[in-house]
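**Student:** Right, I'll just put the structure down here and ask away after.
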Amino acid sequence: MRAIKNVLAVLAFVLAFQFTQAQDLEPKGRIKDPKKVSEKAHNLFMSQRLELATKQRDSLHAMVVAFHKDTLQRGEEFRNLMALHQQLSKDKSELSAQYRKLIDDYQDMNDRYTDLIKSSMSKTEQLNIALKEKGDLLQIREKKLAELEAIIKRQDSLTNALSDIVKKALLSFNSDELTVEMKNGKVYVSLSDKLLFKSGSADVEEKGLDAIKKLAEVLNKNMEIDVLVEGHTDNKPIKTAVFADNWDLSTARANNIVRLLSSNYAVEPKRLTAAGRGEYQPKANNETAEGRAKNRRTEIILSPKLDELYKIINKKR
């Protein structure tokens with residue numbers, strides 16, 4: 001960060017210097033008794049110098065603005081990578097626990113089996129059978145672990161790439177309008193009600209349509225993603241000629257977004273699910289205006305298809 005500040009300071013100094021030089025080149029009135037160059041030619045030359053200096057100053061200013069924007073973006077990407085690292089660490093811990101349980105189960109089964117055959121088989125036969133059983137179980141376990149690791153790597157890669165793509169697509173929206181985060185191997189796009197809807201309405205506003213359109217473009221390029229749209233409200237009661245309560249309103253909002261994705265932007269309907277959560281899954285305290293504003297949201301949850309992973313995890317041990 002200190003190096004970035006130093007670079008910005010140098011750029012600002014150069015910009016100020018160029019601006020000062022450009023001011024010094026500006027003609028200071030009429031020339032008295034020009035000898036070798038006409039007054040008109042001299043003034044034209046000085047005007048050209050001033051124009052060149054002004055362009056150089058504007059170019060340097062544009063460089064400073066672009067550099068600052070790139071620095072902010074990289075900082076956000078770093079924070080996202082840190083969050084992903086924490087999630088992956090958690091997943092690894094859970095898989096390690098499952099692995100230890102497999103080992104314990106195997107040991108228990110092996111002990112029971114050994115007790116049953118001790119009375120009827122010779123020691124040599126017992127040893128041969130036990131070795132074979134252990135070898136077979138070990139091969140099965142190693143194969144299963146290898147499959148799990150390969151699928152988890154693909155899952156992590158897919159989810160991480162999807163999160164980056166969604167963030168870039170929605171970069172033009174403010175953080176109080178829209179957020180993107182990864183949880184439990186899924187990408188959560190949370191849109192505030194002020195971006196999407198007017199109070200008490202389920203009709204999507206123009207700026208909200210732009211966000212839905214950009215998200216749909218990402219979904220149509222990544223077909224192996226299932227989409228769950230959840231509507232959420234605060235706990236302030238509502239009852240209108242259209243909506244009986246908050247649950248009714250949240251469901252209508254989720255349904256309208258699903259219809260937009262399907263009808264307007266050609267996202268396959270079989271990938272889409274709509275759900276109304278009403279006031280029953282708040283993110284913040286409904287006792288404050290700020291908390292209620294956070295609770296009035298629509299969450300679009302993107303889930304990579306993990307059928308292969310689930311089949312392996314749910315196999316009988």
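**Student:** Restricting attention to the stretch 200-235, and to residues there that are assigned to a loop (DSSP other than H, G, I, E, B) and in contact with an Asp or Glu (Cβ under 8 Å, 6 or more places away or on another chain), which single residue is nearest to F173 (Cα to Cα)?
**Tutor:** T233
**Student:** Follow-up. Run down L191, L196, L228, L171 and say which single residue is of a type outside the set (S, T, Y), surrounded by fewer than 21 Cβ atoms within 10 Å (Cβ to Cβ) and more than 14 Å from R271 (Cβ to Cβ).
**Tutor:** L171
**Student:** Right, here's the next one. Pick from the stretch 220-230 the residues that are at pLDDT 95 or above, in contact with a helix residue (DSSP H, G or I) (Cβ under 7 Å, 6 or more places away or on another chain) and among the aliphatic types (A, V, I, L, M): which of them is nearest to K186 (Cα to Cα)?
**Tutor:** Residue satisfying both the conditions and the ranking: V227.
**Student:** For the stretch 243-282, how many residues are assigned to a loop (DSSP other than H, G, I, E, B) and in contact (Cβ under 8 Å) with a residue 40 or more places away in the chain?
**Tutor:** Final tally of qualifying residues: 8.
**Student:** Has the stretch 145-152 got any residue that is surrounded by 13 or more Cβ atoms within 10 Å (Cβ to Cβ) and either part of a loop (DSSP other than H, G, I, E, B) or β-branched (V, I, T) (or both)?
**Tutor:** yes
The values are calculated or read from the model by the stated rules, or taken from the named source; none is laboratory data. Just so you know, these numbers come straight off a predicted model, no measurement behind them. For neighbour counting, all protein chains shown are included, and Cβ atoms are generated from backbone atoms with ideal geometry for every residue, glycine included.
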